[in-house]
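Undergrad: Would you mind keeping the following structure in view while I ask a few things?
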């Protein structure tokens with residue numbers, strides 16, 4: 001499949017030049033000679049991270065350009081989906097942000113949309129012809145160095161539980177440590193971290209989740225796990241935002257992908273290997 005790579009332009013099969021006009025508008029100029037050398041019936045994908053509104057607009061500009069060039073099968077492969085966490089109206093007076101993003105993407109009429117580890121099933125329910133790509137292969141790669149250790153998978157909260165049980169089945173893991181916390185939706189404050197596991201003495205606890213933003217959930221969970229005797233705590237997250245930096249108290253090692261950005265100081269896997 002031919003790729004227009006908006007994440008790493010130097011790897012794009014069809015060269016292009018991305019431009020930002022003085023008023024902030026993104027723009028793109030594709031190499032028409034290279035594009036016209038590709039038969040229009042050739043399946044083509046746009047590989048993109050939707051980390052902000054400008055990224056979203058650029059994807060639609062690329063799709064429009066490819067439509068004018070008469071490509072017949074254009075897919076969108078999304079490494080990070082903007083607003084994926086806003087998958088419902090959280091509080092009165094707030095938007096259903098993911099629904100808005102989905103409506104915009106649906107206007108692009110892509111042949112298929114693949115999304116790497118979306119936050120919930122709401123994403124694929126709202127976006128036409130969309131499919132979730134699990135984080136299973138990525139997590140397996142991250143865990144490769146722990147083969148000789150006594151590892152247990154950790155679900156940091158109820159929201160991650162369904163996914164982590166599917167992951168455990170894929171990995172052949174027999175144990176999942178289920179954790180809980182309380183969050184104040186108005187302030188974001190996290191409290192009351194707990195788990196039913198009584199003794200984690202000597203265990204390497206691997207917390208797995210889709211997104212790390214500020215890291216508060218994982219710091220609180222790691223601290224609690226170590227009070228239960230955990231020898232080491234690792235964190236594996238598909239999308240590393242790390243808005244407070246890539247160091248999380250109590251977490252000994254962090255693994256992520258470059259789905260949102262390339263992160264220094266963290267073991268980072270190329271998301272293109274999994275999309």
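The values are calculated or read from the model by the stated rules, or taken from the named source; none is laboratory data. Quick caveat: nothing in here was measured; it's all calculated off a predicted structure. For neighbour counting, all protein chains shown are included, and Cβ atoms are generated from backbone atoms with ideal geometry for every residue, glycine included.
Undergrad: Can you name every residue in the range 7-22 that is under 12 Å from residue 65 (Cβ atoms) and in a loop (DSSP other than H, G, I, E, B)?
TA: 14
Undergrad: Given (1) modelled with pLDDT of 95 or more; (2) touching a helix residue (DSSP H, G or I) at 6+ places or on another chain (Cβ under 7 Å), identify the lone condition not met by residue 26.
TA: (1)
Undergrad: Also, quick follow-up: Got at least one residue in the range 218-226 being touching a strand residue (DSSP E or B) at 6+ places or on another chain (Cβ under 7 Å), over 26 Å from residue 116 (Cα atoms), in contact (Cβ under 8 Å) with a residue 40 or more places away in the chain and buried (at least 17 other Cβ atoms within 10 Å of the Cβ)?
TA: The answer is yes, given that some residue of the range 218-226 is touching a strand residue (DSSP E or B) at 6+ places or on another chain (Cβ under 7 Å), over 26 Å from residue 116 (Cα atoms), in contact (Cβ under 8 Å) with a residue 40 or more places away in the chain and buried (at least 17 other Cβ atoms within 10 Å of the Cβ).
Undergrad: Considering only residues that are over 16 Å from residue 208 (Cβ atoms) and in contact (Cβ under 8 Å) with a residue 24 or more places away in the chain, look in the range 251-267 and name the one that is surrounded by the most Cβ atoms within 10 Å (Cβ to Cβ).
TA: Out of the qualifying residues, it is 260.
Rundown of residues vs (1) more than 18 Å from residue 90 (Cβ to Cβ); (2) free of Cβ contacts under 8 Å to residues at least 40 places away in the same chain, yes/no style:
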| site | (1), (2) |
| --- | --- |
| 151 | yes, no |
| 157 | no, no |
| 162 | yes, yes |
| 166 | yes, yes |
| 174 | yes, yes |
| 177 | yes, no |
| 193 | yes, yes |
| 200 | yes, no |
| 208 | yes, no |
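Undergrad: Another question about this same structure. Exactly one condition in (1) in contact with a strand residue (DSSP E or B) (Cβ under 7 Å, 6 or more places away or on another chain); (2) surrounded by 10 or more Cβ atoms within 10 Å (Cβ to Cβ); (3) at negative phi is not met by residue 171; state its number.
TA: Against the list (1) in contact with a strand residue (DSSP E or B) (Cβ under 7 Å, 6 or more places away or on another chain); (2) surrounded by 10 or more Cβ atoms within 10 Å (Cβ to Cβ); (3) at negative phi, residue 171 comes up short only on (1).
Undergrad: Which condition breaks for residue 212 when tested against (1) under 21 Å from the mean Cα position of the chain (by Cα); (2) more than 30 Å from residue 6 (Cα to Cα); (3) in contact (Cβ under 8 Å) with a residue 24 or more places away in the chain?
TA: Against the list (1) under 21 Å from the mean Cα position of the chain (by Cα); (2) more than 30 Å from residue 6 (Cα to Cα); (3) in contact (Cβ under 8 Å) with a residue 24 or more places away in the chain, residue 212 comes up short only on (2).
Undergrad: Further question on the same structure: Where in the range 23-124 are there helices (runs of 4 or more DSSP H), lying wholly inside it, with at least 1 residues that are over 28 Å from residue 161 (Cβ atoms) and within 20 Å of the chain's Cα centre (by Cα)?
TA: 53-68, 97-106
Undergrad: Continuing with this model, one more query. Give the residue that is nearest to residue 83 (Cα to Cα), with candidates limited to residues of the range 179-191 that are part of a strand (DSSP E or B) and touching a residue at least 40 places away in the same chain (Cβ under 8 Å).
TA: 181
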